[in-house]
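Worksheet for the structure shown next.
The values are calculated or read from the model by the stated rules, or taken from the named source; none is laboratory data. Keep in mind the model is a prediction, meaning the values are calculated, not measured. Here the Cβ is made from the backbone with ideal geometry for all residues, glycine too, and neighbour counts use every protein chain on show.
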Ligand code: FES
């Protein structure tokens, strides 16, 4: 076996090597430092990231696998982000989590790493870190929770929160029934059980080749999760022996496979921002347009909430991601590798669909063309995205009068106002929610509908925002508008009463205002007053350096790889 990176700390008879070994012994045998690989377990378990609390148990299985294969496992708690708790939005901290993990992997005697994530931002931040530090890395997705039920009906964690709360706002569901559903929403350990962002990013990790094939989507309480974690620990030792690093494994073809998977599963729009950010760390030339170009013509094969009916437990039972990918095998890059050292396509031969109600065959898709659509126009010069699979077909071509909200607070203040001048054809515009303006690009783009319209039976309207949308949400929502209003984007110049034209087939998003008039307008003072102006700390760094959504919303100085070399000693 080649000399390990960790030998820079542990090998030799000098004082520094003595110090490094002695402080680590604490019961570890001497042979733990004889040159065998040290595998970090970058562990996002946290009581304040409830979707990831079970990862300490998963880490124990990884450890067993690492020991068994001749390595030495090291639990490394890293920054974790609980999507439902962290304010102002977990996305503000994704890059910080990635940067901290990257730095700790580089700073420590680590030869390879197992990445334990689950809740929305955790797998993206771990993959961004691993890509930059470029140590052999493999993901263990924490897995979705089991299906809960309420009043005899399955509950889609996340998606049904939006549905039930809209029913309360429409006067169709008593508030006490809504509250009663609370204890049924989270049936077990694990992350959200819809095809939301966490499930999507687990599938993206697998499609990229960074998990053991077939592992993503294994429910968190399923004993096969621990079995897979054990196998992943073993594999991590092999990755180090083979020198299988992210830079050697991940290619443009890997991202092609991820984009095809994203379309076929009807995955979260958040994956667009995360995949762009991960590719940016690898210097892989991935653009927003690639999502539209590569995803075009890919059928929607998975009938899962929020676009469909079923939940992740059903998805796993029906065959999981490999069964989906087998249906679109001809579209996949044949050479893109996985952590096994073999191409992804070689792992599809035995995949089968066990329930065609959940995973459709290619010749009977839920929708023919399910990719993310990328829109341009005078409202989005650098692009905006929409997920047609989650939208109302009748609204994909629409002209409507804008009702503009200058901030999330403005929207909360006015959306329930019975005198709000809005009708079912109106286009709701929410701005000031981009990466820089909020800051952090929160999941607010699926803004709630006015109660007056809900009571008339309206369940969807065109909504436009420079922020993101929860992967569990649905509706005709145009989001990630770039440049954002706080970066001088024209979204900041639109006024209530302007007419907005959405044409998804033509990939256009425009406001029907002459160019000269639009450019002569000044941004509203109320909107500008709401933009973030942090003076210190992470927020300051973030606002000064964050890139637009169309570039992955990473920090400009974190693009590219940094490698794992450390040139100076601590003593
Ligand atoms: Fe953690 Fe949904 S809140 S995955």
Of everything in segment 32-49, what is within 12 Å of the ligand (Cβ to nearest atom) and either touching a helix residue (DSSP H, G or I) at 6+ places or on another chain (Cβ under 9 Å) or under 18 Å from residue 188 (Cβ atoms) (or both)? Give them in sequence order.
44, 46, 49
Selection within segment 50-84 - within 16 Å of the ligand (Cβ to nearest atom), touching a helix residue (DSSP H, G or I) at 6+ places or on another chain (Cβ under 8 Å) and in a loop (DSSP other than H, G, I, E, B):
79, 80, 81, 82, 83, 84
Out of the residues in segment 89-124 that are within 16 Å of the ligand (Cβ to nearest atom) and in a loop (DSSP other than H, G, I, E, B), state the one that is surrounded by the fewest Cβ atoms within 10 Å (Cβ to Cβ).
89
Could you list all residues from segment 162-185 that are in contact (Cβ under 8 Å) with a residue 60 or more places away in the chain and either part of a loop (DSSP other than H, G, I, E, B) or within 10 Å of the ligand (Cβ to nearest atom) (or both)?
170, 171
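Any residue in segment 184-202 that is surrounded by 24 or more Cβ atoms within 10 Å (Cβ to Cβ) and modelled with pLDDT under 90?
no
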Tally up the residues in segment 375-410 that are within 19 Å of residue 467 (Cα to Cα), assigned to a loop (DSSP other than H, G, I, E, B) and within 26 Å of the chain's Cα centre (by Cα), please.
4
Report yes if some residue within segment 411-422 is within 15 Å of residue 467 (Cβ to Cβ), touching a strand residue (DSSP E or B) at 6+ places or on another chain (Cβ under 6 Å) and in a strand (DSSP E or B); otherwise report no.
no
Please determine whether any residue of segment 248-265 is within 16 Å of the ligand (Cβ to nearest atom), in contact (Cβ under 8 Å) with a residue 40 or more places away in the chain, in contact with a helix residue (DSSP H, G or I) (Cβ under 9 Å, 6 or more places away or on another chain) and within 27 Å of residue 368 (Cα to Cα).
yes
Quick test for you: out of 549, 486, 561, pick the one residue that is closer than 23 Å to residue 379 by Cβ, surrounded by 13 or more Cβ atoms within 10 Å (Cβ to Cβ) and touching a helix residue (DSSP H, G or I) at 6+ places or on another chain (Cβ under 6 Å).
549
Some residue of segment 12-31 being surrounded by 15 or more Cβ atoms within 10 Å (Cβ to Cβ) and within 16 Å of the ligand (Cβ to nearest atom)
no
Please verify whether residue 363 is at pLDDT 95 or above and closer than 26 Å to residue 504 by Cα, treating the condition exactly as stated.
yes
Matching residues in segment 446-475 (more than 16 Å from the ligand (Cβ to nearest atom) and either surrounded by fewer than 21 Cβ atoms within 10 Å (Cβ to Cβ) or at pLDDT 95 or above (or both)) number 18
Restricting segment 193-216 to residues that are assigned to a loop (DSSP other than H, G, I, E, B) and touching a strand residue (DSSP E or B) at 6+ places or on another chain (Cβ under 7 Å), which is farthest from the ligand (Cβ to nearest atom)?
209
Could you tell me which of the residues 146, 127, 155 is within 27 Å of residue 549 (Cα to Cα) and either touching a residue at least 60 places away in the same chain (Cβ under 8 Å) or within 16 Å of the ligand (Cβ to nearest atom) (or both)?
127
